[in-house]
1. Based on this model, can you work out whether A:ALA169 counts as out of contact with any Cys (no Cβ under 7 Å at 6 or more places or on another chain), in a strand (DSSP E or B), within 13 Å of chain B (Cβ to nearest Cβ) and more than 18 Å from B:ALA8 (Cβ to Cβ)?
2. Evaluate the following for B:MET605: is it under 30 Å from A:ILE57 (Cβ atoms) and either in a helix (DSSP H, G or I) or within 13 Å of chain A (Cβ to nearest Cβ) (or both)?
3. For a quick check of your reading of the model, give me the residue pairs whose first member lies in the range A:90-102 and is over 14 Å from B:ALA19 (Cα atoms) and within 7 Å of chain B (Cβ to nearest Cβ), whose second is of a type in the set (Val, Ile, Thr) and assigned to a loop (DSSP other than H, G, I, E, B), with beta-carbon atoms closer than 6 Å and at least 6 apart or on different chains.
4. How many of the residues making up the range B:1-45 are within 9 Å of chain A (Cβ to nearest Cβ), within 59 Å of the chain's Cα centre (by Cα) and charged (D, E, K, R)?
5. Would you pick out the residues in the range A:103-135 that are free of Cβ contacts under 8 Å to residues at least 12 places away in the same chain and at the interface with chain B (Cβ under 8 Å from one of its Cβ atoms)?
6. Return the residues of the range A:32-76 that are of a type in the set (Asp, Glu) and more than 7 Å from every other protein chain (Cβ to nearest Cβ); say none if nothing qualifies.
7. Condition check: modelled with pLDDT under 90, within 32 Å of the chain's Cα centre (by Cα), over 30 Å from A:THR20 (Cβ atoms) and not hydrophobic (A, V, I, L, M, F, W, C). Does B:GLY662 satisfy that?
8. Would you say A:LEU83 is at the interface with chain B (Cβ under 9 Å from one of its Cβ atoms), out of contact with any Pro (no Cβ under 8 Å at 6 or more places or on another chain), over 30 Å from B:VAL18 (Cα atoms) and surrounded by 16 or more Cβ atoms within 10 Å (Cβ to Cβ)?
Amino acid sequence: MKPIVELKDVVKDYPLGKVTVRALQQVNLALDRGEFTVIAGPSGSGKTTLLNLVGGIDVPTSGEVFIDGRETSLLSDGALTALRLQKLGFIFQSFNLINVLDVVQNVEFPLLLQGGLTRAERRARVHGLIERVGLTGQVRQRPGELSGGQRQRVAIARALVTRPAIVLADEPTANLDSATGNDIIELMREINRADHTTFIFSTHDPEVMKRADRVVPILDGRVEADTYSRSQAVAEER
Amino acid sequence: MNGLDRLALILWMGARNVALHKVKSFVVGGILFFGTLLLVVGGSLLLSVQDSMERSVTSSLSGQAQLYSADAKDDLALFPGGTMGSMDIGEISDFRGVHDTLLAVPGVVDVVPMGITDAIVLQGTELDRLIDRLRAATVVGDRVEVAMLSTELGTIAQSLEGDIQAAQAASADPAVQDAEIEILRRVGDPAFWAGLESEPEQALTFLESQVAPLGSDGKALYLRLIGTNLDQFEACFDRFRVVDGAQVPAGEPGLLISKRFYETQLKNPIAQVFDEVRQARDEGRTIADDPLLQEEVRRNVQQRKRVLFQVGPGDVDAVREGLMAAMPGSSGDLDTLLQRFLALDDANFDARYDTFYALIAPRIRLYDLPIGETVTLRSFTRSGYARAANVVLHGTFTFEGLERADLASVNHLVDLTTFRSLYGSMSDEQRAELADIRAEAGVGDVSRDDAEAALFGGGAPVVMQAVSEPAPAPAPAPGSAPQPTPAVSEAVAPLVSEAAPAPAPKVRPVPAAVVSSAEGREHPDHTLDDGLVLNAAVVLDPDDAPSLSTLQAALDAEGLEVQVVDWKQAAGLIGQLVTVLQVVLWVGVLVVFIVAMAIINNTMMMSVMERTQEVGTLRAIGTSRAMVVGIFMVETLVLGLIAGALGAGVGLAVVGVLHAVGIPAAADILVLVFAGPRLYPVVSSPWVLQSIGLVVLVALVSALQPTLLAARTSPAVAMSPKE
């Protein structure tokens with residue numbers, strides 16, 4: 001099966017004042033459909049940079065990134081934006097909900113950007129997801145009125161509402177206590193199993209890593225050999 | 001459906017963001033609010049002022065348009081500003097043609113001929129008048145009158161002596177005052193009056209040449225005259241109203257003086273103070289509280305001679321008795337009584353006002369130029385020749401609503417014939433008279449083309465003919481055939497007259513017939529429509545008014561060299577005032593907007609920077625740059641509409657209150673600007689909408705740059721901080 005995300009010889013440099021910092025060096029990586037992958041590494045290892053490239057938020061300095069078969073560095077900003085809208089869902093460390101919109105509106109927002117569904121279809125899908133993340137009682141509340149865990153659930157619903165090929169989660173549990181973080185990971189895991197949605201995480205939380213199919217360790221901008229095999233992880237869980 | 005839902009969502013976000021970002025909304029919204037308020041109120045005032053001023057000017061003097069010569073040296077200014085310098089606006093050479101051409105244009109109601117000139121009225125002093133009366137009484141031998149007048153003159157001489165003695169104290173050359181006192185003492189001497197009986201001429205000459213100059217200075221009164229067809233004028237300008245006296249009968253010469261001018265410039269100053277205090281008290285001020293009024297009253301007591309000298313000898317006793325009755329317990333001579341009487345305070349004012357007008361006013365010369373009196377108007381023609389005309393002052397007039405406007409009262413009205421003679425155009429009689437003089441002197445006109453032949457080489461038969469054939473009476477006129485304007489004719493005529501002693505045989509009189517026809521081309525006859533006209537008012541049908549360019553085109557098509565200007569241009573200073581107000585408002589608005597734009601831009605920039613995380617998130621989850629711009633612009637639009645609507649609402653309320661109460665015309669010039677004592681501003685609904693639109697536009701423009709900057713936010717900002 002063709003990998004859903006593929007990185008070939010990817011190099012990413014950032015200017016930092018007058019010097020250039022190499023955030024990623026010669027990264028080669030292929031991620032399969034339906035996998036629950038963790039990109040693991042300490043702060044400054046290049047985790048987020050890698051995630052940005054995988055999510056079409058940024059393009060590499062050199063090398064190629066293919067998302068669902070399309071090479072991102074060839075795309076215009078508009079096309080890249082469209083790609084993110086159609087193929088990707090995002091879950092952020094600090095939830096990043098739109099403050100002025102309530103739960104339903106936040107979840108519905110990407111569908112409105114996409115267009116193409118009737119109001120009834122949108123409603124059905126939005127309410128289905130809200131039910132699934134367990135927020136049926138909070139539909140008309142705004143982010144400010146929700147707890148951190150509830151907010152991240154809204155974010156998960158928003159990420160899933162377009163039925164994306166890949167869901168990217170940037171340290172989704174970093175701002176949550178461990179119990180809530182576990183619940184969130186559990187929820188995502190469940191969705192991954194039920195819908196075969198591809199999940200790509202960045203984290204440095206060993207508890208999260210334990211739940212992954214695959215752990216891609218990153219250190220000083222280099223991807224090392226996978227230390228946890230999928231089978232290991234699965235086996236451990238079972 | 002999606003588009004609509006998306007729009008609804010963006011609007012919702014905009015509104016919510018306005019509510020959420022309170023500081024930004026408050027600052028930006030506040031500026032937009034005041035911007036709209038300023039626009040609505042300022043615009044409404046300006047429109048109302050423009051409107052009322054247009055009504056003021058067009059319905060009092062200018063008509064909707066004014067016409068004057070296309071090659072005038074100066075711009076026409078119906079209301080002069082500041083300087084009284086005379087302007088040269090040329091002449092309309094074919095007024096009848098202009099009149100007929102314009103009346104053929106649909107919507108033109110009438111064309112009123114006019115002319116503007118300055119005139120002077122010289123006024124004698126009280127002493128002059130008394131001496132004149134004395135001369136008249138002496139001539140007819142009215143002994144009673146002579147006796148009374150001599151007493152009167154004696155009293156005045158005594159009083160003047162006091163003044164001169166006072167002045168002597170401060171004089172550099174006391175000998176001058178000594179001589180003057182000497183003269184006055186002679187008048188006080190009974191021997192002098194005995195001399196009047198024996199040698200009346202000697203005594204009168206002494207009074208006229210020696211005593212009269214010692215009286216206070218006589219006044220030269222400057223009048224700016226607008227000559228017009230007075231009955232046509234009255235029919236065309238509905239604000240025109242005769243106040244005192246009556247309109248000048250059609251076709252007769254006559255003068256109407258502006259009521260305001262009449263009251264403020266020509267009324268006895270003592271009476272003016274009574275009027276002034278009366279008005280101040282009607283407005284709620286009191287003498288006790290107002291230092292200005294106290295000063296007026298104090299000065300009034302000092303200048304009581306302005307009444308004292310004017311009370312005729314026969315009236316002195318009546319006035320004294322009246323004053324003593326009005327002020328029980330008082331006594332003394334008239335001067336003492338007046339001094340007491342004029343010491344006004346809040347308690348005695350009303351009674352004394354009534355006493356003044358009932359007792360004193362009818363016995364003095366209340367106005368320098370009484371209605372019904374013949375006035376000698378003097379002027380200088382453009383070429384510098386003195387002209388004079390006698391007209392009867394028929395009455396005073398005002399323009400309704402502009403009663404208190406000084407600027408509207410600078411113009412006085414006179415019939416066209418009088419205007420023409422003052423301006424320098426000759427009447428038929430004057431023409432005939434000049435012709436007689438010339439015929440007598442044997443002077444003729446010499447045109448440049450045949451001057452040589454006429455003066456030096458001319459054939460003898462022509463001279464013979466001239467001598468043997470004097471020009472018929474009503475014929476030869478000033479000016480040779482190609483002469484273009486009466487102004488030139490005016491310049492030429494006296495020159496020729498001065499040249500009269502030139503030897504007759506050298507000059508060839510122009511045959512009468514030739515002169516008549518040449519003259520005929522200029523002024524075929526002196527009916528009102530065909531004589532000299534400098535400018536003209538065009539009165540238009542308000543419901544069907546043709547544009548000024550239509551009028552201009554009609555005139556141009558006939559080859560008439562006349563320019564059409566709108567009331568604003570024609571009005572001069574006042575017209576410019578509208579433009580100045582417009583400029584002031586727009587500069588104010590511009591400054592406010594520039595400041596507003598800077599502040600809005602800055603505030604938006606800060607707001608955008610605060611919200612980079614939000615924008616990054618929007619971008620990351622697939623919001624296009626255009627959509628981000630849209631979201632921010634809609635937010636600004638919503639804020640602009642809310643603030644604009646509030647500002648417009650408050651603005652409407654302010655205008656509503658002003659409309660109900662009226663803005664008082666605090667300064668005199670405002671009376672004219674407001675077309676009345678108060679301005680009742682109104683607002684037009686298109687202007688309110690335009691104001692909101694303009695404010696929203698300003699907001700959007702100033703928000704554009706920060707918004708575009710926001711749209712460039714990298715989606716990576718949404719992710720955890722870079723490692």
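1. Yes: the conditions hold for A:ALA169.
2. So B:MET605 passes the test.
3. Cβ pairs passing all conditions: A:PHE90/B:ILE621.
4. Number satisfying all stated conditions: 1.
5. Once the filter is applied, which keeps residues that are free of Cβ contacts under 8 Å to residues at least 12 places away in the same chain and at the interface with chain B (Cβ under 8 Å from one of its Cβ atoms), the range A:103-135 yields A:GLN105, A:LEU112, A:GLY115, A:GLY116, A:LEU117, A:THR118, A:ARG119.
6. Within the range A:32-76, A:ASP32, A:GLU35, A:GLU64, A:ASP68, A:GLU71 qualify.
7. Values: modelled with pLDDT under 90: yes; within 32 Å of the chain's Cα centre (by Cα): yes; over 30 Å from A:THR20 (Cβ atoms): yes; not hydrophobic (A, V, I, L, M, F, W, C): yes.
It is true that B:GLY662 is modelled with pLDDT under 90, within 32 Å of the chain's Cα centre (by Cα), over 30 Å from A:THR20 (Cβ atoms) and not hydrophobic (A, V, I, L, M, F, W, C).
8. The answer is yes for A:LEU83.
The values are calculated or read from the model by the stated rules, or taken from the named source; none is laboratory data. The structure displayed is predicted, hence computed values, not measured ones. Methodologically, a virtual Cβ is constructed for each residue, glycine included, from the backbone with ideal geometry; neighbour enumeration extends over all protein chains shown.
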